[in-house]
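Beneath this line is the structure, given in structure tokens, with notes to follow.
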Amino acid sequence: MSNLVIGALGTASLFIGILLGINVMVVLGLVGGLGLAALVGMNAATSLLSTVFFETTHSFHFSVIPLFLLMGFFAMRAGLGEDLFEATTKWLGRLRGGLAISTTMGAAAFGAASGSSVGTATVFTKLALPEMLARGYDRSLASASIAIAGTLAVMIPPSALVVVYGILTDSSIGALLVAGFIPGIVFALILCLTIWLVVLRRPDLAPVDTQTYSLREKLASLRLAGPLILVIVCIVSGLYVGVFTPTEAGAVGAFLTFSLAVVRHRGLRGIRLRETLLETIRTSAMIFAILISALLFSKFLALSGVANAVGGFLTGLDVPPWVIVVLVSLIYLSLGMMMDAPALLAITLPITHPVMMDLGFDPVWFGIFVVLLVEIGAVTPPVGINCFVVQAASGGRVRLEDVFKGLLPFVLAGFAMLVLLYLVPQIALFLPSRM
């Protein structure tokens, strides 16, 4: 049996295992390990496994992941999401669809501190959904706008998912983090415009809020939201001018959000420090395990020749580059419906990244493009993890069908953002090129 056939069988086994509901980490590790044993023998495969495990857990770059996660958990404990929602509601609530627009802008800012799509969706479901429903908003519009707003967390730095891409592709993590800033803001504005257009066409979906606020109240709300904005500016500007590395940025961010949480709760008791640290450890361990298994699987793909064969086929097609981009996008969108983001990146990047580099695309641009693709998949049925999170956090206020029903205009907005990124790559490359 040739190496290529072994590789093809291993890849098929991987997707069969995922469809059967087996844990992605387990399937990646088993297929990668057994595949390597079939290709190079058990002794060499065992040696490769130990090498991958050691290099992963002892890499300086990997330390940024738990630090960004810790920063996000401290931001949640500090109640920064509540401050942001209050501020954006007072400034934007009077617009038609203003509460949904406020939620989007608040989620964008909070996501920059948390870096967690699921965490942002959870926080703003609890904060914004009851308010929107109480004021007569359509259930589908309200829940879907929160689900898609959560995706902004992985676009605007800091983002653990962007770090995962940088590690898997050996790209500059600092450049990737800075690159997501402008696309994240642009995507947030596109989502706000989408909400406004939907409500303009169907005014019954979102009644105008009659509550008014004085200028003094509006300015006071900015004072509450100000500390988080300063944290974001500190991290992005520090990375941009080279004051600190991505790992140091994570440490600075974690310390600042920890300080805000301590000040807000007047001590350590309110932030549940032990629980926060344990949650960070569990999430970090899960991501590390997926990455270790994925790196093992990518070595199996490389040695079997599958990665080169698929890459050679795609680059050998006599078609314009945009056709390849569409094909790659369809791969990510379809697989994104079945698995979570880190696993999806780990499985696909060994094939798609070399192809895009051979076609002359910038690795930093491709990183932002792929992260956006993966996050669109995070709200797309049948999995749509953010949709399940919104439904679960709603306390029975909305059904899963309600969330999925309202997603179409927002998914189309995501496609519009992808097209804009392709046509104007400087949206992602402008800041990194001037670091």
(message) Restricting everything to alpha-carbon atoms, can you work out Rg to Rh for region 101-177 with a Kirkwood hydrodynamic radius?
(response) 1.11
(request) Could you work out which residue, out of Ala175, Ala37, Ala378, moves most in a Gaussian network model of the chain, that is, has the largest mean-square fluctuation with Cα springs under 10 Å? (result) Ala37
(message) Number of Lys pairs in the chain with C-alpha atoms less than 25 angstrom apart, excluding same-chain neighbours closer than eight positions?
(response) 4
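Given a 1.4 Å probe and heavy atoms of the protein chains only, how would you sort Leu127, Leu373, Leu327, largest accessible area at the top?
Leu327, Leu127, Leu373
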(message) Given Cα positions, please report Rg to Rh for region 1-155, the hydrodynamic radius being the Kirkwood one.
(response) 1.20
(message) Please report, in whole Å³, the volume per residue of the convex hull around the C-alpha atoms of the chain.
(response) 140
(request) Heads up, I need the accessible area for Phe73: 1.4 angstrom probe, whole protein in place, Å², nearest 10. (result) 20
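Rounded to a whole number of µm²/s, how large is the Stokes-Einstein D of region 239-394 at 4 °C and 1.567 mPa s, given Rh as the Kirkwood radius over C-alpha pairs?
70
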(request) Pick out the long, greasy-scoring helices in the chain: whole DSSP H runs spanning 27 Å or more along their own axis by Cα, mean Kyte-Doolittle at least -0.5. (result) 181-201, 215-241, 246-265, 273-304
(message) Counting only helical runs of four or more DSSP H residues, what would the 222 nm mean residue ellipticity of the chain come to if each run contributes -39,500 (n - 2.57) and the total is spread over all its residues?
(response) -25500 deg cm²/dmol
(request) Return the Rg/Rh value of region 230-301, two decimal places, where both radii are evaluated on C-alpha atoms and Rh is the Kirkwood radius. (result) 1.13
(request) Extending each Cα 7 Å along its Cβ direction at Arg202 and Leu423, get the distance between those two points in nm, one decimal. (result) 2.7
(message) So for each of 272-280, 342-350 I average, over its residues, the number of other beta carbons within 10 Å; can you give me the resulting order with the highest mean first?
(response) 342-350, 272-280
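The values are calculated or read from the model by the stated rules, or taken from the named source; none is laboratory data. Owing to the predicted nature of the structure, the values given are computational and were not obtained by experimental measurement. Reconstructed Cβ throughout: ideal geometry from the backbone, glycine too, with neighbour counts over all protein chains shown. Note: areas computed on protein heavy atoms with side chains; ligands, DNA, RNA excluded. Shrake-Rupley method; radii C 1.70, N 1.55, O 1.52, S 1.80 Å.
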